[in-house]
Amino acid sequence: MKALVIAVDGYASCGKSTLARDLAQTLDYRYIDSGAMYRAVTYRMLQLGLPLTESPELDQLLQTLDLKFIKSEGVNQLIINGMLLGTELRTKAVNAAVSPVSTLPSVRRAMVVLQRSYADGTGLTMDGRDIGTYVFPQADLKIFVTARPEIRAIRRQAELIALGDSTWTLDEILQNQAQRDRIDSNRDFAPLKRAEDAVDLDNSDLSREEQLAWALKWVEERGGV
Ligand code: CDP
């Protein structure tokens, strides 16, 4: 029995974060939301008015970037240069800009160094797009999550409403999802794709408890604790 590195990848709003978080809580592992890291960099670039391209200013931002996850009341909070970020990461502006920003090699290189540093042997679940293919190609368990687009949009809308944002129509969410999936799948550097040795989870018709139970069977199969 060992503490595993578990990679959870897939398309936008598939419930990857929920699954990765539930697994971490059940197994007492660390959970890292890699998407939040890309969102945080995007937020800072927008705040500073930087173009969404490589630039000396972006290099400077990445060099002085201080990203930390802290656990507060059981929830992982992201702190960037001393600033606690929550709903700021889910605005329309960030949703529109995050995939273009995530194509930039300088941004990916900086995030991947941080992401790898979180694997300290005590058990880790990380969700994203390239975790099983690029960040941790040797991950003990790789889960590739899919769900029907309309179901993903309905879930994301409910999540946004719970965060206090009821301005998104289902159509806007569907469009943003499709656009991000297209950019994420077609970029040159570490695109979103299913790792060959991943196990597939279509959670369209599964409850949160059912998907967790399914994943825990795979953890057991891989000798995890
Ligand atoms: O929650 P949702 O699946 O909608 O998105 P997210 O996980 O917060 O990721 C936001 C965006 O960050 C994605 O659309 C990707 O452009 C980028 N991302 C990435 O490029 N690589 C990762 N490992 C994670 C996210």
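The values are calculated or read from the model by the stated rules, or taken from the named source; none is laboratory data. Here the structure is a predicted model, which means the values were calculated and not measured. Positions of Cβ are generated from backbone atoms using ideal geometry, with glycine treated the same way; all protein chains shown enter the neighbour counts. SASA here: full protein model, heavy atoms, side chains in, ligands and nucleic acids out. Shrake-Rupley method; radii C 1.70, N 1.55, O 1.52, S 1.80 Å.
Every residue in region 167-192 that is assigned to a loop (DSSP other than H, G, I, E, B), out of contact with any helix residue (DSSP H, G or I) (no Cβ under 6 Å at 6 or more places or on another chain) and not acidic (Asp, Glu), please.
THR167, THR169, ARG187
Looking at this structure, is ASP130 open to solvent by less than 20 Å² (accessible area, probe 1.4 Å) and touching a residue at least 40 places away in the same chain (Cβ under 8 Å)?
Answer is yes for this residue.
(1) at pLDDT below 95; (2) within 25 Å of ASP188 (Cβ to Cβ): which one isn't true of LYS142, the others all being true?
Single failed check for LYS142: (1).
So, in region 107-127, of the ones that are more than 10 Å from the ligand (Cβ to nearest atom) and open to solvent by less than 10 Å² (accessible area, probe 1.4 Å), which residue ends up nearest to the chain's Cα centre (by Cα)? Full working, then the answer.
The first filter runs over region 107-127 and keeps only residues more than 10 Å from the ligand (Cβ to nearest atom), leaving 109-110, 113-114, 116-125.
Those left that are additionally open to solvent by less than 10 Å² (accessible area, probe 1.4 Å): 123-125.
On the way: GLY123: 17, LEU124: 14, THR125: 11 Å.
It comes out as THR125.
So, in region 6-44, how many residues would count as being away from the ligand (no atom under 11 Å from the Cβ), crowded, with 23+ Cβ neighbours inside 10 Å and either of a type in the set (A, V, I, L, M, F, W, C) or on the phi > 0 side of the Ramachandran plot (or both)?
Going through region 6-44 one residue at a time, the tally reaches 3.
Looking at LEU104, LEU67, LEU52, can you tell me which residue is open to solvent by less than 70 Å² (accessible area, probe 1.4 Å), within 16 Å of the ligand (Cβ to nearest atom), in contact with a Pro (Cβ under 6 Å, 6 or more places away or on another chain) and over 26 Å from THR146 (Cβ atoms)?
LEU52
Where in region 6-109 are there strands (runs of 3 or more DSSP E), lying wholly inside it, with at least 1 residues that are touching a residue at least 60 places away in the same chain (Cβ under 8 Å)?
Counting at least 1 such residues, we get 30-33.
Specify which of the listed residues (PHE144, PHE189) is more than 17 Å from SER13 (Cα to Cα) and surrounded by 13 or more Cβ atoms within 10 Å (Cβ to Cβ).
Testing whether each residue is more than 17 Å from SER13 (Cα to Cα) and surrounded by 13 or more Cβ atoms within 10 Å (Cβ to Cβ) leaves just PHE189.
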